[in-house]
1. Would you point out which residue out of VAL123, VAL163, VAL137, VAL108 is in contact with a His (Cβ under 9 Å, 6 or more places away or on another chain) and among the hydrophobic types (A, V, I, L, M, F, W, C)?
2. Looking only at residues in region 267-288 that are within 26 Å of ARG366 (Cα to Cα) and crowded, with 16+ Cβ neighbours inside 10 Å, which one is nearest to the chain's Cα centre (by Cα)?
3. With (1) within 21 Å of ARG208 (Cβ to Cβ); (2) at pLDDT below 90; (3) small (Gly, Ala, Ser) as the list, and GLY188 as the residue in question, which single condition is left unmet?
4. Might you check whether a residue that is under 25 Å from the mean Cα position of the chain (by Cα), assigned by TED's automatic domain parsing to the domain that holds LEU401 and in a helix (DSSP H, G or I) occurs anywhere in region 61-71?
5. Inspect region 75-96 for any residue being among the hydroxyl-bearing types (Ser, Thr, Tyr), surrounded by 14 or more Cβ atoms within 10 Å (Cβ to Cβ), in contact with a strand residue (DSSP E or B) (Cβ under 8 Å, 6 or more places away or on another chain) and not in a strand (DSSP E or B) and give the result as yes or no.
6. Please state which of the following conditions GLU99 fails to meet, knowing it meets all the rest: (1) out of contact with any Phe, Trp or Tyr (no Cβ under 7 Å at 6 or more places or on another chain); (2) touching a residue at least 12 places away in the same chain (Cβ under 8 Å).
7. I'd like to verify a number: residues in region 371-400 that are in contact with a helix residue (DSSP H, G or I) (Cβ under 6 Å, 6 or more places away or on another chain) and of a type in the set (A, V, I, L, M), how many?
8. Out of ALA199, ALA210, which single residue is out of contact with any Leu (no Cβ under 7 Å at 6 or more places or on another chain), within 26 Å of TRP172 (Cα to Cα) and not assigned by TED's automatic domain parsing to the domain that holds PRO312?
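The values are calculated or read from the model by the stated rules, or taken from the named source; none is laboratory data. Nothing here was measured: the structure is a model prediction, and the numbers come from that model. Cβ atoms come from the backbone with ideal geometry, glycine included; neighbour counts cover every protein chain shown.
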Amino acid sequence: MKLLFITPQLPYPPQKGTTTRNFNIIKNLSRNHEVHLLSFGDSRCRDHVEALEAYCASVKLCAMPTRRMATRVRDLFLNPRPDLVLRLASPEFVERLREILLRNRFDVLQIEGLEMCLHWDTVSKENRARSAVRATVLDDHNAEYVLQRRAFEIDRGRPRKLVAAMYSFVQWRRLTRYEAEMCRRVDGVVTVSEIDRKALDAISRLPRVAVVPNGVDVDYFRLAEPEGKHDAPTLLFSGTMDFRPNIDAVTWFCEEILPRVHRDVPEAKFCIVGRDPLPAVTELGKDPRVVVTGFVEDVRPYFRQASVYVVPLRFGGGTRFKVLEAMAAGIPVVSTAMGAEGIEASSGRDLIVADDPGSFAQWVVRLLREEDRRRHLVESARAIIERKYDWRIIVPRLEELYTRIA
């Protein structure tokens, strides 16, 4: 099949959730299909484009759009579309997509993320462009309306978060309408978990849907064997650190959970690894036992040093690459139920799920002290990853959807 992917950022290097998913899907599809890519990106990143050209028949880029704060504020009050969608509105991208479709025909156009629907929605109103595509697929990385609903529910009871709660409430309502409409307009929808499938089906009655979970490059992360020998036990969290759910997670961990851990293991360190930490995150690094790294080229050295991987997420959506990578790397995981959502793993066997600060801290301490329990969790988790979350096993599910719709 001839496939066209439109993505919100260049899917290389695969160093955050969206790019990791996009890159691995494209890489694995390229073995059996002709893949073309249109993305936002910087044309100066020639090395990144060349890396993608190993898997793509063509790679076309558009400049990332800029959006003034005054425009965003105006849209928040006057534009019925969600903020998420408007942030990437780009006449240049629409024109480039139109040009590609007027010169080529594709079996499948895959829209990577709800924020990219605006461009296809504009072009699809033209008969010539629409007829160049046999079928369209929306890969909805999160049930976005659910994410904003959960953010509202977390923030509404905190006076300091009143503005954030109001924003989430409005976006929740707008996303519910827009996400339902876009799901109806495409030929097939992809979700990352059964939970997300049910959430989208509740608002849009999906006719053709495939659950294609987030995965992990098992061979790449198998190299990250934990050393188990460090000056102090190390707790690790990784993720993009300007993302609201991640900021809330590490703040809650440092305020409510880490002090309880330190009562029993005072030498334990907490390492926060991830790009673009906002001031609320860097402030946490003032504690000498908390390390905020910012961007790192390769997370595996931090995996090697980690004793326990912690996922104290209280809201969000989709499934977390961070959990899958830690499990593949051989690190025992303690997570909230929200952090482990969508992953087919059992608490107590493959990872530990704990939602209140006391039990979360208690399990962290137990895993720092009980080597046998750590080993059993690691062995069981690795088996789950190899059986269910290897990209080579996951991507054929997407190909099955293509066959059904195209």
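1. VAL108
2. Once the filter is applied, the top-ranked residue is VAL273.
3. The failed condition is (2).
4. No.
5. Yes.
6. Of (1) out of contact with any Phe, Trp or Tyr (no Cβ under 7 Å at 6 or more places or on another chain); (2) touching a residue at least 12 places away in the same chain (Cβ under 8 Å), only one is false for GLU99: (2).
7. Result for region 371-400: 3.
8. ALA199
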